[in-house]
Amino acid sequence: MEKITYQYSEEFAQKMDDSDPLKGFRSKFFFPKVNGQEAVYFCGNSLGLQPKSVQSYIQKELDNWANLAVDGHFIGEDAWYHIRKKSKPALAEIVGAHEHEVVAMNNLSSNLHFLMVSFYRPTKERFKIITEAGAFPSDMYMLESQVKFHGLDPDETIIELAPRAGEYTLRTEDILKTIENQKHDLALVMMAGLQYYTGQVFDMEAISRAAHQSGALVGFDLAHAAGNAPLQLHDWEVDFATWCSYKYLNSGPGNISGIFVHEKHAESPDLPRFAGWWGHDEGERFRMEKGFKPMYGADGWQLANSNVIALAAHQASLDIFEEVGMARLRKKSELLTGYLEFLIGQISGETGILEIITPKNPKERGCQLSLLIHKGGKSVFDEFYKNGVVGDWRHPNVIRIAPTPLYNSFLDIYRFAKILEQSLQKFA
Ligand SMILES: *Cc1c(COP(=O)(O)O)cnc(C)c1O
């Protein structure tokens, strides 16, 4: 990465924005207002902003529905019967996969369960699951209920990876060691690709290799990684993954999720799964006959017919991702987050009031920085919200700030820093 000497000044931030090759993308999004002012929005890790193009994408499907009704399934180049194919090129690029390894469907938590049905097959000898401690609650509930579903005891089955005493993030060596130590009874490593609380990106490639060497399978929840961190799921030989589309993928609240199933499982009709008609060979689907014949690849995990309106909103955002490309996005992301890190250092200085718990190494993080605030806590956060900064507060004392390279600017970071500095002077 090119080395930049950052400066805490408006002129510097403006200069960075002027020379930003992606600066034009900001105007493709709607920004919310806080107290009548356009917000400094750093919450793309929770809900991405709405692309201005969403309305027209949805309107097109509403028109098709109005004008074609049931014929919309088969008429036109975007016939609904094949609509799932449309999002594949962009999704494949975002997660580093072949098109047949990805498909958009359902919601994230549902997909976690459906994928576990296929990829968590505990036996008497191999039944343990390794995950990260403090995982997102839905993932914890999912794992516990899956384990109980198989008649097992979560306490004896789920191994949680916790940071060393006095540390906030996991060391790769510790993760790999735990995997290796369980090589006789490990069934699955199932964890986040990017930890939602600390912002740490795990070494998915090394984890995948270690899991396989220990005779286990590996899956990742990429809710915070998709559209944010570099991913090469195919090359890393990850068995399966799933993500949501409403965080960095800007597709609207609760919108459709996506799954990845590695090519090596593309033709495994024996792999147990909870099947539905949309996963059945599409050439024969309307024969409406008995005998499930899964489609090749990830498509074979589909259950129900495509949610066309949801996919339309999703596509509006994916088309922007295709235009910008993940490589350029990542390049800006590192600069933007680097600037945020620099300014926090300038503001916190010797006082140590703010402590960044996200790893310093850009390879071990996405765009988000998690700040531990040692004084003033929620009052500081509330104060900067009042001044137009939308971040995210996590109990008991963490502020998550996610500068999103698609629509955030260096001036956003500068404005945030000024407001943060004032809020700290008032309350810390
Ligand atoms: C956001 C998030 C979820 C949310 O799940 P939904 O099914 O989309 O409600 C689950 N897991 C992780 C790790 C998340 O970050």
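Net charge around residue 348, counting only other residues with Cβ within less than 12 Å of its Cβ (Lys, Arg = +1; Asp, Glu = -1)? Can you show the working numbers first?
Numbers: positive: 375; negative: 341, 350, 355, 421.
In short, -3.
Mind pulling the per residue volume of the convex hull built on the Cα atoms of the stretch 324-403? Å³ is fine. Please report the intermediate quantities before stating the final value.
On the way: hull volume 7.9 nm³, N = 80.
Taking the convex hull of the Cα positions in the stretch 324-403, it is 98 Å³ per residue.
About the Cα centre, and with charges only on the beta carbon of Lys, Arg (+1) and Asp, Glu (-1), how big is the dipole of the stretch 58-323? Nearest 20 debye, please.
Details: 22 positive and 38 negative charges, 104 e Å.
My answer is approximately 500 debye.
Using a 10 angstrom cutoff on alpha carbons, build the Gaussian network for the chain and name the most mobile of 273, 164, 287.
Highest fluctuation of the listed residues: 287.
³J(HN,Hα) across the stretch 318-332 via Karplus (A = 6.51, B = -1.76, C = 1.60, θ = phi - 60°), whole Hz, x for Gly/Pro?
Using θ = phi - 60°, the values come out as 4, 5, 5, 4, 5, 5, 7, x, 5, 5, 5, 5, 5, 4, 5 Hz.
Of the candidates 100, 395, 265, which one comes out as most mobile in a Gaussian network treatment of the chain with C-alpha springs shorter than 10 Å?
With Cα springs under 10 Å in the chain, the top fluctuation among 100, 395, 265 is at 395.
Tell me what the chain gives for mean residue ellipticity at 222 nm when only DSSP H runs of n ≥ 4 count, each as -39,500 (n - 2.57), the sum divided by the residue total, rounded to 500 deg cm²/dmol. Write out the running numbers ahead of the final one.
On the way: 12 runs with 149 residues, N = 428.
One gets -11000 deg cm²/dmol as the mean residue ellipticity at 222 nm.
List the chymotrypsin sites (Phe, Trp or Tyr not before Pro) within the stretch 42-107 that fall in a DSSP loop (any state other than H, G, I, E or B) and whose Cβ has at most 12 other Cβ atoms within 10 Å.
Details: sites: 42, 57, 65, 74, 80, 81; in loops: 42, 74.
The qualifying sites are 74.
With everything on Cα atoms, drop me the angle between helix 108-119 and the longest principal axis of the chain, reported from 0 to 90° to the nearest 10.
With rounding to tens, the tilt is 50 degrees.
Please name which of 74, 154, 98 has its Cα lying farthest along the dipole of the chain towards the positive end, using unit charges on Cβ (Lys, Arg +1; Asp, Glu -1) and the Cα centre as origin.
154
Positive end of the charge dipole of the stretch 287-339 (Lys, Arg +1 and Asp, Glu -1 on Cβ, about the Cα centre): tell me which of 297, 327, 313 has its Cα farthest that way.
297
Rounded to two decimals, what is the ratio between the C-alpha radius of gyration of the stretch 58-323 and 2.2 N^0.38 Å?
Details: Rg = 18.9 Å, N = 266, 2.2 N^0.38 = 18.4 Å.
Taking N as the residue count of the stretch 58-323, the ratio is 1.03.
Going by how many other beta carbons lie within 10 Å of each one, how would you line up 256, 413, fewest first?
Numbers: 256 24, 413 27.
Fewest-to-most ranking of 256, 413: 256, 413.
With no solvent and one point on each alpha carbon, what is the Debye value of log10 I(q)/I(0) for the stretch 1-131 at q = 0.10, 0.13, 0.20 Å⁻¹?
Log10 of I(q)/I(0), two decimals: -0.67, -0.97, -1.33.
Nearest 5 percent is fine: what portion of the DSSP beta bridges confined to the chain is antiparallel? Kindly include the intermediate steps, with their values, before the conclusion.
Details: 25 of 43 bridges.
Antiparallel: roughly 60 percent of the beta bridges in the chain.
Determine the alpha carbon to alpha carbon distance for each of 15/331; 128/177; 148/177; 386/426 and list only those over 20 Å.
Numbers: 15/331 17 Å; 128/177 15 Å; 148/177 26 Å; 386/426 13 Å.
In this structure, 148/177 exceed 20 Å between Cα atoms.
Give a quick list of GluC sites (Glu not before Pro) in the stretch 228-337 that DSSP marks as loop, anything other than H, G, I, E or B, with at most 12 other Cβ atoms within 10 Å. Present the calculation step by step, with values, prior to reporting the outcome.
Values: sites: 237, 263, 267, 282, 284, 289, 322, 323, 334; in loops: 237, 267, 282, 284, 289.
Filter output for the stretch 228-337: 267, 284, 289.
For a protection proxy built on the mean count of beta-carbon atoms within 10 angstrom, sort 240-248, 362-370 highest first, please.
Packing order, densest peptide first, comes out as 240-248, 362-370.
Please identify every one of the trypsin sites (Lys or Arg not before Pro) in the stretch 291-361 that sits in a loop by DSSP and has no more than 14 other beta carbons within 10 Å of its own beta carbon.
Numbers: sites: 328, 330, 331, 332, 360; in loops: 360.
The qualifying sites are 360.
No value in this document is a laboratory result; all are computed from the given coordinates. Keep in mind that this is a model prediction, so the values were computed, not measured. Virtual Cβ from ideal backbone geometry, glycine too; neighbours counted across all protein chains shown.
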